[in-house]
């Protein structure tokens, strides 16, 4: 060290560097030099001896400072004052060091402990969590960073309940614990946070990980754990993401007009297209918050069993074999609330008018709408018809490329022999608003015979067939609809459907409990 810097350091010392000062902690006597005490000052210890020297500069010896604290803990603090690096061994040791550092007002030690590894007991296991594990987007602030701020206050603030006038008696603080959570599940979360690939053993394991990730407020980690599949569809020349309806977040939903998607099949900021007055037809895209760098064409999966009834459009008398069929789908229970909220978010992204304002938090929480408790005139639950992008029953198009399982058997559109249905499927999936049929073809609406004893005949051809949808995957197409309030409407394009039409198929899928 240069002599000039050494002189500056010597002048900045509060106590004579070579003089030894006695400190009695419990039943053990410590002797620390002025340089050691001044290394983390101003503190309660340095101020005690500075006041003595100020009143009696000629005194050969100073009085001993008596502190009724744990000598073992102060031994570690003495090592810190002498320039050694100290590391808490576990949660209880961390609490002892931190409370004594606060009691003695050691600024450097307090700041270092406050920003050091997080020590916490979860379930029946002790964890040491490096703070840099939470540097990923969406993972901070979280349960641990916020909890430590409240639990131990901030480095400059005293401990809750302590007083500057009585620093030697800090309040009793227990080490941080989370007794109601699984240590095994948290160990798996830490494994993922450290950069290792997600290994989901089964659906129950995934639900446990998601539940605890939400509990600890790890939003970025939660988005990585939710069921999804991202792939590139070469036929459509766009990236696609399949995700459950209840896992959608409004910040990730966007709309891409056909003109924009033609210029850039995988735009980085598709939401920018919503700023125009009349965006025209297009597709709904989705980008997982904190995780995805680009948006992908959205395919929603509705896996709430028996919450949707699909009614196929009746067959017209002059019909010919079709490459696509249309219909309307009616949603129930929580699925109704979620699909309504999704359509509302889409309308807001496109700056379209909404006939009834809806809380957008429904989509984030997946909560069901409820009637008003008012006795005078309870308001009915909001439905898709209030969004400006649909009627109460959402329009559906089932093309030849859709994988449909009906009553446990594969179902296909009755395509005329020799007709290239796949080629017709490449046309836009817009639905004619006046006829309810696909613009490229006429729907098949003949009611199927449900079993061998069914007495239905050809007179039933005019009736629309009803399917109870068990699970389904849908693309979301926004098309022009002159009869709609907004001039646009959303059509669900079938990707994969599992449905049944009678009780026998439902009972066949039912298993025994034992």
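Of all residues in segment 79-95 being surrounded by fewer than 20 Cβ atoms within 10 Å (Cβ to Cβ) and in a helix (DSSP H, G or I), which is modelled with the highest pLDDT?
Taking the candidates together, the pick is 79.
How about segment 496-514: which of its residues are within 36 Å of the chain's Cα centre (by Cα) and either at pLDDT below 85 or assigned to a helix (DSSP H, G or I) (or both)?
Listed by number, the residues that qualify are 506, 509, 510, 511.
Restricting attention to segment 317-332, does a residue exist that is part of a loop (DSSP other than H, G, I, E, B) and modelled with pLDDT of 85 or more?
Yes, the conditions are met somewhere in segment 317-332.
Quick check on my filter: what residues within segment 191-214 are surrounded by fewer than 17 Cβ atoms within 10 Å (Cβ to Cβ) and in contact (Cβ under 8 Å) with a residue 40 or more places away in the chain?
Once the filter is applied, which keeps residues that are surrounded by fewer than 17 Cβ atoms within 10 Å (Cβ to Cβ) and in contact (Cβ under 8 Å) with a residue 40 or more places away in the chain, segment 191-214 yields only 194.
With respect to the numbered conditions (1) assigned to a loop (DSSP other than H, G, I, E, B); (2) at pLDDT 95 or above, which one is the sole condition not fulfilled by residue 198?
All conditions pass for residue 198, except number (2).
So in segment 223-242, with the set limited to residues that are touching a residue at least 40 places away in the same chain (Cβ under 8 Å) and assigned to a helix (DSSP H, G or I), which one is nearest to residue 189 (Cα to Cα)?
Taking the candidates together, the pick is 224.
Report, by residue number, each residue of segment 96-119 that is within 17 Å of residue 40 (Cβ to Cβ) and outside any helix (DSSP H, G or I).
104, 105, 106, 115, 116
Could you please give the count of residues in segment 53-77 that are in contact with a strand residue (DSSP E or B) (Cβ under 9 Å, 6 or more places away or on another chain), in a helix (DSSP H, G or I) and more than 24 Å from residue 128 (Cβ to Cβ)?
1
Would you check which residues across segment 300-317 are surrounded by 22 or more Cβ atoms within 10 Å (Cβ to Cβ) and under 28 Å from residue 136 (Cβ atoms) and list them?
Of everything in segment 300-317, just one residue is surrounded by 22 or more Cβ atoms within 10 Å (Cβ to Cβ) and under 28 Å from residue 136 (Cβ atoms), namely 300.
The values are calculated or read from the model by the stated rules, or taken from the named source; none is laboratory data. If you're wondering where the values come from, they're calculated on a predicted model, not measured in any experiment. Here the Cβ is made from the backbone with ideal geometry for all residues, glycine too, and neighbour counts use every protein chain on show.
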